[in-house]
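Q: The structure under discussion is supplied below as structure tokens; questions concerning it will follow.
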Amino acid sequence: MHGLMMDTPLLITEIMRFAERNFADREVVSVTFDVPRHRTNLGEVFRRARKLANALQAAGVRQGDRVATLAWNDYRHLELYYAVSCMGAVLHTVNPRLFPEQLEFIINHAEDKLLFIDPTLLPALAPLAGKLPTVEKTIVMTSAPAMPATVAGTLPDYESFIAGQPDTFDWPVLDERTASSLCYTSGTTGHPKGVLFSHRSTVLHGYGGTQVDALGLSCRDTVLAVVPMFHANAWGLPYNAPMTGAKLVFPGPKMGDAATLTQLMNEESVTLAAAVPTVWMMLLAYLDQTGGKLQTLKRTVIGGSAVPIQMIRDFRDKHGVTVIQGWGMTETSPLGSVSTLRPEQEALPLEEQTQLRARAGHGIFGIAMKIVDDEGKELPWDGVSSGELKVRGPWVCNGYFRLDDSPAHSEPGWFATGDVAVIHPNGFLQITDRAKDVIKSGGEWISSVDLENCACGHADVLMAAAIGVRHPKWDERPLLLVVPRPGSQPQTESILAHLALHFAKWQLPDAIVFVEALPMTATGKINKRSLRDTYGQTLMQRCEGVGPGPRSACGSGRRGAGSWFDSGDRREPWTASASPHGWVHGVSPGSNQDRVTVRLQRLTCFDPIEPDRAARQAYACMRCSSVSASPSDMFFGTG
């Protein structure tokens, strides 16, 4: 017997209708290319979304077609979120930080019909000229007066594209399983893989995220969405906020600028902000240096990678901000668990609460999880047993777009995350590592995440990355790379002594390398693959001046002399040395003529377009002869 309840489809269209009727006057504030502080409201956003839907239809977009965006977080991108999906097409948010080859693959694999691009990202599109056969039209997300001279008259601008279109549109009643958006994840091996979200999954994820013990949004909140709208739908915030009537603040191309973020938070009375740890490291360092304070911020949602425990303390003690750590992936839409505390946990001593907040947190209704051993046997939730984390639920992907074979979906009804985890008896999830990042030394496992978190608790450490490197006896041993806090001079012995308070001797890193910055992936995570490529042979080459390594192994080198230097595709060691004033010299093993001189420079913000630009430029230099690179050519990472 079925119940006698209405069976209305779960559609993003209904989020738009509800928000327009109930919260039309809620503000949407954006930093854009053409306006430093643009103000509008949800009612106007949705009115313009109807004009945009008419323009898209006139341009030949039909249900099921993919419409791509290369764009930052702003009100025009929000209009695209609703217009494209609600007319039955698929919004394909493209990550502009990817390499040109990856952008070409993703856009062609999706067969995007139209492409909307922010003016600041036009250089990212230039290398793809003539290589995107399915893209019929490219629209620049600005107005005619603000069009860059390089494309004025050749490409249409957004405002002209929607001008003259009616602000009424007959939204179709779609099947709730209709695809709504597409996001490619680069966190896998091989080509990026497409995760195809549906209206149903998006609405249910929105419900999950607004739960009090999840993100807990309400119409009393002002939300700063620093997490990009091209990264797992900005963690659902473009849907959560209109569902609840929260005010939205978008930083646009200034998402990596600490001064702008501070100004936005304080002047717009932001109560909740969301970003990856690297952004908040940069922000906290800026606030320390300037003496600034976060006047209205109450909580911050942090995800993408493990949150250093010192960051949780700094937000709490210096700014009165509660950190909510979230775990998830593009494949989980992305919300999987959150580190909000239960009443009995809030009664614990402050430091015990901090330790709990450093975990991935408890699951939310809609996500089922389990951990399994190497044979696929389910392990108990005892806080000790460690295995691969698998999840399932209505907003978890059951396959990849146009990919027939997916090992991650080999067990029917479950998705293998690639994370190694333990689950405590109370349901709290603790991610101990990525399966590909865990360090196996002499048959024993060492958690890189635990080493990194502990290292970041040292007063002189800003960032840390632990990787497994080859060892002649133990197969693999841990190597720790450290970015010092501004103005500090950390000592190896001091950091090892700090780690020794929490780890057994055999778990301590064999070497510590001090670097000016760490390479980042396109999603703002530490690029451990690049680090392993660069430092993987460090302990095999513990001799004077050979290869990148710790100060004790590189003569007069300071803070990771040669930290980016290997021989590119040849993977041969470079002889590296450094003078006391910071210049790093690399000499090719094949020829004394291939010489590179580079000076590493500390930065106060990271390049939001190309965080790994330095890696590519260093490789390019090493293929040339008699090349000198200036400090400005080394713009990457966080300072």
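Q: Looking at LEU348, LEU335, can you tell me which residue is over 19 Å from VAL422 (Cβ atoms), more than 29 Å from the chain's Cα centre (by Cα) and open to solvent by less than 70 Å² (accessible area, probe 1.4 Å)?
A: It is LEU348.
Q: Is it the case that VAL223 is free of Cβ contacts under 8 Å to residues at least 60 places away in the same chain and either among the small types (Gly, Ala, Ser) or more than 30 Å from LEU297 (Cα to Cα) (or both)?
A: no
Q: Residues in the range 523-533: is at least one modelled with pLDDT of 90 or more and either hydrophobic (A, V, I, L, M, F, W, C) or open to solvent by less than 10 Å² (accessible area, probe 1.4 Å) (or both)?
A: Checking the range 523-533: at least one residue is modelled with pLDDT of 90 or more and either hydrophobic (A, V, I, L, M, F, W, C) or open to solvent by less than 10 Å² (accessible area, probe 1.4 Å) (or both).
Q: I'd like the full set of residues that are more than 17 Å from LEU462 (Cα to Cα), small (Gly, Ala, Ser) and assigned to a loop (DSSP other than H, G, I, E, B), limited to the range 487-511.
A: The answer is ALA504, and nothing else.
Q: Additional query: Within the range 403-480, which strands (runs of 3 or more DSSP E) (wholly inside it) include 3 or more residues that are touching a Pro at 6+ places or on another chain (Cβ under 7 Å) and buried (at least 17 other Cβ atoms within 10 Å of the Cβ)?
A: In the range 403-480, 461-471 are the strands (runs of 3 or more DSSP E) which contain 3 or more residues that are touching a Pro at 6+ places or on another chain (Cβ under 7 Å) and buried (at least 17 other Cβ atoms within 10 Å of the Cβ).
Q: Something else: Find the residue count for the range 115-142, including only residues that are within 16 Å of TRP72 (Cβ to Cβ), open to solvent by 20 Å² or more (accessible area, probe 1.4 Å) and either of a type in the set (S, T, N, Q) or in contact with a Cys (Cβ under 9 Å, 6 or more places away or on another chain) (or both).
A: The number of residues fulfilling the criteria is 1.
Q: What are the residues in the range 303-321 that are at pLDDT 95 or above, part of a helix (DSSP H, G or I) and open to solvent by 20 Å² or more (accessible area, probe 1.4 Å), if any?
A: ARG313, ARG316, ASP317, LYS318, HIS319
Q: When you scan the range 69-78, do you find a residue that is more than 21 Å from SER160 (Cβ to Cβ) and out of contact with any helix residue (DSSP H, G or I) (no Cβ under 9 Å at 6 or more places or on another chain), even just one?
A: Checking the range 69-78: not a single residue is more than 21 Å from SER160 (Cβ to Cβ) and out of contact with any helix residue (DSSP H, G or I) (no Cβ under 9 Å at 6 or more places or on another chain).
Q: Would you point out which residue out of PRO166, PRO148, PRO156, PRO172 is within 21 Å of ARG48 (Cβ to Cβ), free of Cβ contacts under 8 Å to residues at least 60 places away in the same chain and surrounded by fewer than 24 Cβ atoms within 10 Å (Cβ to Cβ)?
A: PRO156
Q: State which residue is nearest to ALA435 (Cα to Cα) when the search covers only the range 351-371 and only residues that are hydrophobic (A, V, I, L, M, F, W, C) and surrounded by fewer than 17 Cβ atoms within 10 Å (Cβ to Cβ).
A: ALA368
Q: Which condition from (1) touching a strand residue (DSSP E or B) at 6+ places or on another chain (Cβ under 7 Å); (2) assigned to a loop (DSSP other than H, G, I, E, B); (3) at negative phi is the one that GLY383 breaks?
A: The single condition GLY383 does not satisfy is (3).
The values are calculated or read from the model by the stated rules, or taken from the named source; none is laboratory data. Note that the structure is a prediction, hence the values are computed from the model and not measured. With ideal geometry, Cβ positions are generated from the backbone for all residues, glycine too; neighbour counts draw on all protein chains shown. Surface accessibility is based on the protein's heavy atoms, side chains included, excluding ligands, DNA and RNA. Shrake-Rupley method; radii C 1.70, N 1.55, O 1.52, S 1.80 Å.
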